[in-house]
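Worksheet for the structure shown next.
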């Protein structure tokens, strides 16, 4: 049904890879994870083409991460740098965590998203006050 595929056949879903006992999982050690020091995770990664109707196809590298100890749910990270290793991609997302938490707390506790101004000057005047 529908148009023919742009590139190749459909790849298996990430959920099916997660449940596949034959998947090629690799162990990685991530430094400085949640104040614990080194933390061991398992990853599987491949490249694919991300395509949405009306948009250009984008090559990506996906990394599926699972925790052998079961402390967190499986996660998927996507990256447009095909030369990046799974270790680098996981490290980049781990480094972003502090920034993401800061933005979430600013929105929740300081109400930065609730500004009612329309002009750039009013936004520039009130945002530093909220911080």
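Things worth noting here:
- Highest-MSF residue in the chain out of 94, 61, 107 [GNM, Cα springs under 10 Å]: 107
- GNM result for the chain, Cα springs below 10 Å: residue of 80, 47, 102 fluctuating most strongly: 102
- The overall shape of the chain is oblate: from the C-alpha gyration tensor, with semi-axes ordered a ≥ b ≥ c, the ratio a/c is 1.5 or greater and a/b is no larger than b/c.
- Length released on extending from residue 29 to residue 84, taking residue separation times 0.36 nm less the Cα-Cα span: 18.1 nm
- Where only DSSP H runs of four or more residues are counted, the chain gives -10500 deg cm²/dmol as its mean residue ellipticity at 222 nm, each run worth -39500 (n - 2.57).
- Choice from 31, 42, 19 with maximal GNM fluctuation in the chain (Cα, 10 Å cutoff): 19
- Entry note, region 14-99: relative contact order of 21 percent, from Cα contacts under 8 Å with a spacing of 6+ residues.
Just so you know, all these numbers are worked out from the coordinates, no wet-lab data involved. Note that the structure is a prediction, hence the values are computed from the model and not measured.
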